[in-house]
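One structure below.
Nothing in this text is a laboratory measurement; each read-out follows from the coordinates by a stated rule. Here the structure is a predicted model, which means the values were calculated and not measured. Backbone-built Cβ (ideal geometry, glycine too); neighbour counts: all protein chains shown.
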Amino acid sequence: MNIVFVEPGFPANQRRFVHALASVGATVYGIGESTDEELGEELRESLAGYYRVGNVTDADQLIEAVRHFQRFAWIDALEATVESHTLPAARAREATGIPGTSVRTTWLCRDKPSMKEALRRAGVPTAASAAVDSSQEAKAFADRVGYPLVLKPRAGAGAAGTVRVDNDEQLAAALHRFGETGAGSIAIEEFVEGHEGFYDTISVAGHVVHDWATHYYPNVLEAMRNRWISPQFVTTNRMEGNPFYAEVRELGRRVIEALGIGTSATHMEWFNGPKGLMFSEIGARPPGVGCWDLYSASNDVDVYREWAHVITHGAPDRPMRRPYAAGIVALRPDADGVVQGYSGVDEFMAAHGGWVLDTHFPGRGSATQPVEAGYMANAWIRMRHPDYDELRRMLDEAGRTVHVHAG
């Protein structure tokens, strides 16, 4: 099978998708912005060909590159795993006659108001939402739905650019900030109370063949607003026979059907609170922030290879038996500036190092990253354990006792 992969060199984990495809027998061609030197010898050895473009988010450039490969090879699939690459890749598929996720499906997964409208029509509970193009429309939505509200870019990924507003003054200030960034239209929706998590799948022809449920502690907006929080997300190994996860799975099935997702990875955010289980953001792509690393560790299965096997052969290779729960705790510096040192690391590793998967502790003098930069922007620890509650306890202990000193 001949597969074109968009941007094999950046970010760094893109290489894992390419190596996985090659490992299951696919012939992989790359389209990217990196030079040959930036790709490196190991990655080039996994590629049968490479076409450099100036911008992988420009559909016309992708189309030109795909047609280059089509001159000498039959291209079976065109894959993109980064959110901002998915829509130009879908347009390139349709322009060059390659099967795969459609422009319509990709657009619905990128445009939040359209996405939520499609989900509501399919009976998937989701927050009241709208696309607004003016402050008058935003104020009318606020008057109709009430505060608090959440504003976000229409085509953003995750929590990037998301703000919560609790009154008219905060709404006006947020709209002004969006205006300064050049946003002509934004998504506005009701703030949904409840515990937040996500449901990830790999599907074949619209049928889920692998899935995982993961929890945030605390919810993302709270985690990204407060330096003192050491946030976590943890994937459970308790899905089977649990009524809550059965409901998550059923709504996930409806999402895949409603959005027309075929053979693809998916990422679905959800909230569970006073109004019940509600789905939020949907992506026809793998999750970010190293989630598949945790899924691989929790199942002793290479999830990247499983994805590649599905894309190449149309079926999974190994089951997910879930012997472990796995999670990450982000360790924030106590101030902006540069890292001056750490405390509590040796003690924590002595007590729990057998359950630690890997760690990241930037060296002294390294520049700190802002709190809102995400879970892997500064120091972190990833762990697994057979017991979900014990894993949570250890991650909590890491957040309390391991400190990043900066200034």
Sorted by chain and number, the residues with a modelled amide H under 5 Å from that of TRP270, at a separation of 5 or more or across chains, are GLY197, PHE198, TYR199, SER280
How do PHE10, PHE348 rank when sorted from fewest to most other Cβ atoms within 10 Å of their own Cβ?
PHE10, PHE348
Residue of LEU294, LEU78, LEU43 that the Gaussian network model of the chain assigns the largest fluctuation, springs spanning Cα pairs under 10 Å
LEU43
Starting with the fewest neighbours, write out TYR147, TYR50, TYR342 ranked by other beta-carbon atoms found within 10 Å of each beta-carbon.
TYR147, TYR342, TYR50
Cβ density ranking, 10 Å radius, fewest first, applied to ARG321, ARG332 yields ARG321, ARG332
Within the chain, helix-based [θ] at 222 nm, where runs of 4 or more DSSP H residues each add -39,500 (n - 2.57), nearest 500:
-11500 deg cm²/dmol
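Shape of the stretch 179-237 from its Cα gyration tensor (a ≥ b ≥ c, root eigenvalues): rounded if a/c is under 1.5, otherwise prolate when a/b > b/c, or oblate? Walk me through the intermediate numbers first.
Working: a/c = 2.57, a/b = 1.28, b/c = 2.00.
Oblate.
Compute the semi-axes of the equivalent ellipsoid of the stretch 19-143, taking the square root of 5 times each eigenvalue of the Cα gyration tensor, and list them largest first in whole Å. All intermediate terms of the calculation are to be shown ahead of the outcome.
Numbers: eigenvalues 267, 52, 39 Å².
Semi-axis lengths for the stretch 19-143 are 37, 16, 14 Å.
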Please build a GNM for the chain, connecting alpha carbons under 10 Å apart, and tell me which residue among ALA335, ALA308, ALA379 fluctuates the most.
ALA335
Gyration tensor (alpha-carbon) shape descriptor, the chain, a/c threshold 1.5
rounded
Expected vector for the stretch 284-298, Karplus 3J(HN,Hα) from phi with 6.51, -1.76, 1.60 and θ = phi - 60°, integer Hz, x for Gly and Pro, equals 8, 6, x, x, x, 6, x, 4, 5, 4, 5, 5, 5, 5, 6
